[in-house]
Amino acid sequence: MTERKPPGVDIESWVDRQIREAADRGDFENLPGWGRPLASLDAPYDEMWWIKQKMHREGFSALPPSLALRKEAEDALEAARAARSERQVRAVLTEINEKIRAALRMPPPGPPLGLTEFDVEDVLRTWRESRPS
């Protein structure tokens, strides 16, 4: 579509003609997602959608590193409580404890971390008590 609009031609009719010609050539067939509904069609409109998608694609977080680690610790505790076995509980808590330990050694930028390592045995005791006998 490097063709320039000819002088004297209405921009709308020029664009319509380009679209019609592309459709006639089959340029719009077999596109990724063709024939499927848009994933976000029913989602409420968010004017910052493109920024959030860009940040997600680039691996950035909207939270400072210290708050992101706090959120990750909360999620890890929820995952440990929902785990199906003691091995899973230990694995989840060991992984987050390593991250917390590293952050305590070298605090990340942002607000104070305000975290301590999880007591694996205490969480396991609570996990066992919440399980049906």
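The values are calculated or read from the model by the stated rules, or taken from the named source; none is laboratory data. In this text the structure is predicted, and so the values were computed from the model without any measurement. When we count neighbours, we look across all protein chains shown, and the Cβ atoms used for this are built from the backbone with ideal geometry, even at glycine. For the accessible areas, the whole protein counts, side chains as well, though only heavy atoms, and no ligand, DNA or RNA atoms are used. Shrake-Rupley method; radii C 1.70, N 1.55, O 1.52, S 1.80 Å.
Odds and ends about this structure:
- Per residue solvent-accessible surface (Å²) - the chain, probe of 1.4 Å: 83 Å²
- Debye, to nearest 20: dipole size of the chain, +1 on Lys, Arg Cβ, -1 on Asp, Glu Cβ: 480 debye
- If only the Cβ of Lys and Arg carry +1 and only the Cβ of Asp and Glu carry -1, the dipole of region 25-97 around its Cα centre is close to 220 debye.
- Working ranking of peptides 74-87, 7-20, 29-42 by packing, defined as the average number of other Cβ atoms within 10 Å per residue, highest first, is 74-87, 7-20, 29-42.
- Efficiency of FRET from Cβ geometry, residue 86 and residue 39, R₀ 41 Å, rounded to 0.05: 0.65
- Per-residue Karplus couplings for region 30-42, computed as 6.51 cos²θ - 1.76 cosθ + 1.60 with θ equal to phi - 60°, are listed in order as 6, 7, x, x, 4, x, 9, x, 5, 5, 9, 4, 8 Hz, Gly and Pro entered as x.
- Residue 57-residue 78 pseudo-label distance in nm [points 7 Å out on the Cα-to-Cβ vector]: 2.7 nm
- Expressed in units of 2.2 N^0.38 Å, where N is the residue count, the Cα radius of gyration of region 13-133 is 1.75.
- Relative to the longest principal axis of the Cα atoms of the chain, the long axis of helix 86-105 lies at roughly 80 degrees.
- The sum of -39500 (n - 2.57) across all DSSP H runs of n ≥ 4, divided by the residue count of the chain, sets its helix-only mean residue ellipticity at 222 nm to -18000 deg cm²/dmol.
- Full extension of the chain between residue 28 and residue 106 gives 22.8 nm of extra length, using 0.36 nm per residue less the Cα-Cα distance.
- Charging the Cβ of each Asp and Glu at -1 and of each Lys and Arg at +1, and nothing else, the dipole of region 71-133 about its Cα centre rounds to 160 debye.
- Between 0 and 90°, nearest 10: helix 49-58 axis offset from the chain longest Cα axis: 60 degrees
- Most positive-pole-ward Cα, 64, 44, 28, against dipole of region 27-85 from beta carbon charges: 64
- Helix 65-82 and the longest principal axis of the Cα set of the chain meet at an angle near 70°.
- Accessible surface of the chain [probe 1.4 Å, protein heavy atoms]: carbon and sulfur percent: 57 percent
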